[in-house]
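The values are calculated or read from the model by the stated rules, or taken from the named source; none is laboratory data. Remember, predicted model here, so these are calculated numbers, not experimental data. A quick note on method: Cβ atoms are made from the backbone with ideal geometry, for glycine too, and the neighbour counts reach across all protein chains shown. SASA here: full protein model, heavy atoms, side chains in, ligands and nucleic acids out. Shrake-Rupley method; radii C 1.70, N 1.55, O 1.52, S 1.80 Å.
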Amino acid sequence: MFCNQCEQTAKGTGCTVVGVCGKKPEVAALQDLLLHAVKGLALYAKEGNKLGISDREAGRFTAEAIFSTLTNVNFDAARFVTLINQCVSYREEMKKKVAEAGGNVNFADPSASFQPAADLADLVKQGEEVGLVNDHDADADIQSLQQILVYGIKGVSAYADHARILGQEDDIIYAFLYEGMAALTNKELGLNDWVGLVLKCGEINLRAMELLDAANTGKYGHPVPTEVPLGHKAGKSILISGHDLQDLDNLLQQTEGKGIYVYTHGEMLPTHGYPELKKYKHFYGHYGTAWQNQKKEFAAFPGAILMTTNCIQDPQAYMDNIFTTGLVGWPGAQHVKNGEFGPVIERALAMPGFLEDEDKGSVMVGFARNTVMSVAGKVIEAVKSGDIKHFFLVGGCDGAKVGRNYYSEFVEKTPQDTIILTLACGKFRFFDKKLGDIGGIPRLLDVGQCNDAYSAIQIAVALANAFECGVNDLPLSLVLSWYEQKAVAILLTLLYLGIKDIRLGPSLPAFITPNVLDVLVKNFDIKPISTPEEDLAAILNK
Ligand code: SF4
Ligand code: SF3
């Protein structure tokens, strides 16, 4: 196997024996084979798009299939076998439609005529032969850009899938998934073409995130400032993790009146701020921290656990209590259909739950764009009067590496006259710190999940408009942490928007060559994090 798509990749270069995430070589091969099959579908679908043929079902499937290969989503080989076969069916249907419309159906790339083997062992062999980027003759920089594109596309697929679940779609997103995946079969493209595709991926991701923002706020209202207890209540309990709001909504509806308290874990924390979710009395509090601590935290949870999206880790120690839904999978873990949470509830009722109340303090959530913009006047005044000197966006993924202490130290060391906006699971390094306020504006503002990056971008744009300057001219610095491929897509969106001077850590992606990094540094002034002291001094003394 070879996989280098996430930040914890082995030796900083690639997982070759088994994934540090727990991905087995067999699953890695099947993921590669699925993406190979998607390339085949993409060739015909791209041709179909030229002829005005678009098939929403196929587009939705494509986003789901690609999202399944994102880090920490699906570790279950059997599910990939199904997806590979479905993909080939979609491809054949698309081929038929394109042929009937008089379009080109003669593609030489092996993905266009790939036939899946009948059994698992042979499928794995097929997967081992294709690899993710199969143009091994291409130079290292082109391969680097191809990988950036594919990983960005994985992020776009995730956001598009989240938005689609809540009824928000745009065919231009599906068309781009096809354009990008089909491009991987084209050996004629040069460096500039790949740079163009990578930036277009950022542009399309902005649209996907905009749709997701509309989906979440349209259905559940704009988040409002909300205090979330970190302790628990005596009683039966269910813990929900991942990012999917509709799953949470369904779970809350189905547990109402059953004597069960629902707790959020990881990226679900900001959901407490949504009016249409916080209205449930049994939606109590938040349990635990970021995804990489789940083995310890889940083992100690006295109720059922539901994983709705990434990030899942090996659940052997609590296999009977954990359930996966949607695209998440782990071999041996019970999988339930979205919204069909009866088995989860039964398990929670059979478990002891928390035996007594415990108060562990609280945190505030709900500072998404609507809330922040509602106090824009106050914020602008505070900047003009000098009470607020600088804004930091300290956000992104968390992970297990030691270097990630940088982010908590950075936040602790920020001066009192600065505001910290945060989002995604990286916030768990500092989410419960009491940083005080500036004239009633909290110094630590939780914008939401990684899925809410659009909200943070809108806040920056609104501030820039208020000060009649560009986002790059604001007293705002982005200090980002990455782990998986949604973060790659968000980074591409920021680059597409021309945002400069981003600090990125804890380490730079293994799939970026020195030359590609050089382009990023020259054009976007992107830089690796150094130490909190050095970076703060460099930012504030600029
Ligand atoms: Fe390794 Fe990350 Fe790939 Fe898992 S997702 S196999 S940890 S690079
Ligand atoms: Fe976290 Fe997995 Fe990226 Fe949603 S939950 S940000 S890592």
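If we keep just the residues of region 61-87 that are more than 16 Å from ligand 1 (Cβ to nearest atom) and in contact with a Cys (Cβ under 9 Å, 6 or more places away or on another chain), which is nearest to GLN126 (Cα to Cα)? Explain how you work it out, then say what you get.
Filtering region 61-87 down to residues more than 16 Å from ligand 1 (Cβ to nearest atom) leaves 61-65, 78-79, 81-87.
Checking the rest, the ones that are also in contact with a Cys (Cβ under 9 Å, 6 or more places away or on another chain) come to 61-62, 65.
Values: PHE61: 22, THR62: 20, ALA65: 18 Å.
Checking each candidate, the answer is ALA65.
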| message | It is to be established whether one or more residues within region 208-226 are open to solvent by 10 Å² or more (accessible area, probe 1.4 Å), at pLDDT 95 or above and closer than 23 Å to PHE301 by Cβ. | response | yes
Checking ARG56, ARG91 in turn, the sole residue that is in contact with a Leu (Cβ under 7 Å, 6 or more places away or on another chain) and away from ligand 2 (no atom under 16 Å from the Cβ) turns out to be ARG91
Here the qualifying pairs (Cβ atoms under 6 Å; residues six or more apart or on different chains; first in region 32-50 and not assigned by the TED database to the domain that holds SER113 and among the small types (Gly, Ala, Ser); second surrounded by 24 or more Cβ atoms within 10 Å (Cβ to Cβ) and not in a helix (DSSP H, G or I)) come out as none
With criteria (1) hydrophobic (A, V, I, L, M, F, W, C); (2) within 16 Å of ligand 1 (Cβ to nearest atom); (3) at pLDDT 95 or above, VAL411 comes up short on (2)
Review point. Can you find a residue in region 388-399 that is open to solvent by less than 20 Å² (accessible area, probe 1.4 Å), away from ligand 2 (no atom under 16 Å from the Cβ) and of a type in the set (Val, Ile, Thr)?
Key: yes
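Out of PHE75, PHE67, report the one residue that is outside the structural domain of ALA510 (by the TED database), touching a Leu at 6+ places or on another chain (Cβ under 7 Å) and within 16 Å of ligand 2 (Cβ to nearest atom).
PHE67
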For GLU468, the lone unmet condition from (1) touching a residue at least 24 places away in the same chain (Cβ under 8 Å); (2) among the acidic types (Asp, Glu); (3) outside any helix (DSSP H, G or I) is (1)
By residue number, the members of region 330-361 that are closer than 28 Å to GLY22 by Cα and small (Gly, Ala, Ser) are GLY332, ALA333, GLY339, ALA348
Just to be sure, is TYR90 of a type in the set (Phe, Trp, Tyr), at pLDDT 95 or above, more than 16 Å from ligand 1 (Cβ to nearest atom) and open to solvent by 10 Å² or more (accessible area, probe 1.4 Å)?
yes
Inspect region 497-514 for any residue being touching a residue at least 40 places away in the same chain (Cβ under 8 Å), open to solvent by 30 Å² or more (accessible area, probe 1.4 Å) and in a helix (DSSP H, G or I) and give the result as yes or no.
no
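Kindly indicate which of ILE305, ILE312, ILE345 is in contact with a Ser or Thr (Cβ under 9 Å, 6 or more places away or on another chain) and either over 30 Å from GLN485 (Cβ atoms) or open to solvent by 50 Å² or more (accessible area, probe 1.4 Å) (or both).
Numbers: ILE305 fails: either over 30 Å from GLN485 (Cβ atoms) or open to solvent by 50 Å² or more (accessible area, probe 1.4 Å) (or both); ILE312 fails: either over 30 Å from GLN485 (Cβ atoms) or open to solvent by 50 Å² or more (accessible area, probe 1.4 Å) (or both).
Going through ILE305, ILE312, ILE345 in turn, just one is in contact with a Ser or Thr (Cβ under 9 Å, 6 or more places away or on another chain) and either over 30 Å from GLN485 (Cβ atoms) or open to solvent by 50 Å² or more (accessible area, probe 1.4 Å) (or both): ILE345.
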Log entry, pairs with first residue in region 171-195 being among the small types (Gly, Ala, Ser), second being open to solvent by 50 Å² or more (accessible area, probe 1.4 Å), beta carbons closer than 6 Å, six or more apart or on different chains, reads ALA175/ASN49; ALA182/LYS46
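Out of contact with any His (no Cβ under 6 Å at 6 or more places or on another chain), more than 15 Å from ALA37 (Cβ to Cβ) and among the hydroxyl-bearing types (Ser, Thr, Tyr), is that true of SER144?
On the way: out of contact with any His (no Cβ under 6 Å at 6 or more places or on another chain): yes; more than 15 Å from ALA37 (Cβ to Cβ): yes; among the hydroxyl-bearing types (Ser, Thr, Tyr): yes.
Taking the combined requirement at face value, the residue satisfies it.
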Scanning region 1-45 residue by residue, those buried (at least 20 other Cβ atoms within 10 Å of the Cβ), more than 25 Å from PRO315 (Cα to Cα) and not small (Gly, Ala, Ser) turn out to be LEU33, LEU35, HIS36, VAL38, LYS39, LEU41, LEU43, TYR44
**Prompt:** Does VAL73 meet the test of being open to solvent by 20 Å² or more (accessible area, probe 1.4 Å) and of a type in the set (Val, Ile, Thr)?
**Reply:** no
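Among LEU520, LEU476, LEU495, LEU508, which is touching a Phe, Trp or Tyr at 6+ places or on another chain (Cβ under 6 Å), within 18 Å of VAL150 (Cβ to Cβ), more than 15 Å from ligand 2 (Cβ to nearest atom) and in the same structural domain as LEU421 (by the TED database)? Quick ask: steps written out before the conclusion?
Details: LEU520 fails: touching a Phe, Trp or Tyr at 6+ places or on another chain (Cβ under 6 Å); LEU476 fails: within 18 Å of VAL150 (Cβ to Cβ); LEU508 fails: touching a Phe, Trp or Tyr at 6+ places or on another chain (Cβ under 6 Å).
The conditions single out LEU495.
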